[in-house]
Amino acid sequence: MRMSLEEQVRSAVAALLHAAGESQTALAAALGVSQAQVSRRQAGTAAWSLADCDAVAAHFGIGTLDLLAGPTAATQALPPERRRSASRASGRVRRAAPVQESSGR
């Protein structure tokens, strides 16, 4: 069974939030709405409008059609600088190895 357009948008938003390491609260602030409004849209009790879709796409730096195409297209279009790093994704902080100075001998 194929997903409805509304389900595709909700799935794409969820995938983008995950890929970018961003919360609903951060997305809500960027869109100028409350976290509760984003939550209702993601739960399907309220709809993402076309204006919302434009704003979400712009926030993540992707095209609106990529957002509407679903989670795979949306996350593939996500610019590398918007992706969370692998270390942040796992919750670990990567530390650089100590630099050892050569003795010059």
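The values are calculated or read from the model by the stated rules, or taken from the named source; none is laboratory data. Note that the structure is predicted; figures quoted are calculated from it, not measured. For accessibility, only protein heavy atoms count, side chains too; no ligands or nucleic acids. Shrake-Rupley method; radii C 1.70, N 1.55, O 1.52, S 1.80 Å.
Here are the numbers for the structure shown:
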| read-out | value |
| --- | --- |
| For His59, solvent-accessible area (1.4 Å; no DNA, RNA or ligand), Å² | 50 |
| By accessible area with a 1.4 Å probe, ligands and nucleic acids excluded, highest first: order of Glu7, Glu22, Glu81 | Glu81, Glu7, Glu22 |
| Per-residue HN-Hα couplings for region 34-47 [Karplus 6.51, -1.76, 1.60; θ = phi - 60°; Hz; x = Gly/Pro] | 7, 4, 4, 5, 5, 4, 4, 5, 6, 7, x, 7, 9, 9 |
| Surface accessible to a 1.4 Å probe, Arg10 within the full protein complex, Å² | 60 |
